[in-house]
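Read through the structure below, which is laid out as structure tokens, and then see the notes.
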Amino acid sequence: MRLFLALTLLAGPALADCPRPSDMAGNGVRFSASTGDVETFVRYADGSVESTVESETKPTVRAVLAKGMYLTRIFDLVDGKAENETRYSYPTALDNLPEPFPDGALTLTVEGFDGTDRFKSTETYTFGPASVLTIGTCAFAMIPVALSYGQEREIYHYLPEYGLSYLAESIAPDGAKTDYRYDTVIGLR
């Protein structure tokens, strides 16, 4: 018992920096990469999740996700204003979309509008088995999600306790892969 208590006390300061699900309704959760890129997630009262990606080499990108997974809006944030915005709609009310679940799948016809053109695509979501993801000293329940549309394929990590997903890998039509790896994560309090 004393050994368990000692280990708990030693782990306390490291774990204190890890985010808590309640951070999502406050100032959010921030993931950081060694490249200098950071992605911050915040949940709004309507249940949508906003992701803001800041980079040293690219414009800031903001996305709004239904159920923390389904893209409804994405745009560049320039001087506090939205530019190059694209909006997406789904064949059902956003509340009816399922949260990712282990070993499941879903195919949707998604419509988009980029301010000039309307387009339609078929998106297939394949939810993998539940696992544990470790970032720095923090461990999270995670469901990998493979998203396929057209010739594109992307892998997301969905964290069910937080209701958020982030891009972990993209696979181009020629098979070239780009990995996106976060090294640290904190709750913004």
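Every number in this text was worked out from the coordinates using simple rules, so none of it is lab data. Being a predicted model, the structure only gives us computed values, none of them experimental. Please note: Cβ atoms are built from the backbone with ideal geometry, for glycine as well, and neighbour counts cover all protein chains shown.
Dimensions of segment 21-108 along principal axes (Cα, Å, largest first)?
Principal extents (largest minus smallest coordinate, Cα): 36, 29, 26 Å.
How much length, in nm to one decimal, is gained on full extension between Leu188 and Arg118, taken as 0.36 nm per residue of separation minus their Cα-Cα distance?
21.5 nm
Taking only Cα atoms, what is the 0 to 90° angle, nearest 10, from helix 2-16's long axis to the longest principal axis of the chain?
For helix 2-16, the angle is close to 40 degrees.
Just check the chain against the gyration tensor rule for me: Cα atoms, a ≥ b ≥ c as the square roots of the eigenvalues, rounded for a/c under 1.5, and otherwise prolate or oblate depending on whether a/b exceeds b/c. Don't jump to the answer; show the numbers that get you there.
Details: a/c = 1.82, a/b = 1.56, b/c = 1.17.
Because a/c hits 1.5 or more and a/b exceeds b/c, the chain counts as prolate.
Can you give the longest stretch of the chain with no exposed loop site, where a site means GluC sites (Glu not before Pro) in a DSSP loop (not H, G, I, E or B) with at most 16 other C-beta atoms within 10 Å? Kindly include the intermediate steps, with their values, before the conclusion.
Numbers: sites that count: Glu56, Glu161.
Maximal segment without exposed cleavage sites: 57-160.
Taking 0.36 nm per residue of separation and subtracting the Cα-Cα distance, what length does fully extending Glu83 through Glu50 add? Present the calculation step by step, with values, prior to reporting the outcome.
Numbers: separation 33, 0.36 × 33 = 11.88 nm, distance 1.62 nm.
Net length gain for the segment: 10.3 nm.
Which value at 222 nm does the chain reach when only helices count, each DSSP H run of 4 or more adding -39,500 (n - 2.57), with the total divided by all residues and rounded to the nearest 500 deg cm²/dmol?
Working: 1 runs with 15 residues, N = 189.
Calculated from helices alone, the mean residue ellipticity at 222 nm is -2500 deg cm²/dmol.
Only Cα pairs under 8 Å and at least 6 apart count here; give the relative contact order of the chain as a rounded whole percent. Mind showing how you got there, number by number?
Values: 411 pairs, mean separation 36.9, N = 189.
Normalised by residue count, the contact order of the chain is 20 percent.
Straight-line reach from Lys177: which lysines fall under 22 Å, measuring Cα to Cα and dropping same-chain residues less than 8 apart?
Lys58
What full-extension length gain, to one decimal in nm, is calculated for Lys177 and Asn96 as 0.36 nm per residue of separation minus the Cα-Cα distance?
Working: separation 81, 0.36 × 81 = 29.16 nm, distance 3.23 nm.
Once the chain is fully extended between Lys177 and Asn96, it gains 25.9 nm.
If the reach is capped at under 23 angstrom between alpha carbons, list the lysines near Lys120, excluding any in the same chain fewer than eight residues apart.
Lys67
What FRET efficiency would be calculated for the residue pair Asp17, Glu161, taking the C-beta separation as r and a Förster radius of 25 Å, to the nearest 0.05? Write down the numbers at each step before the final one.
On the way: r = 17 Å, r/R0 = 0.67.
FRET efficiency, Asp17 to Glu161: 0.90.
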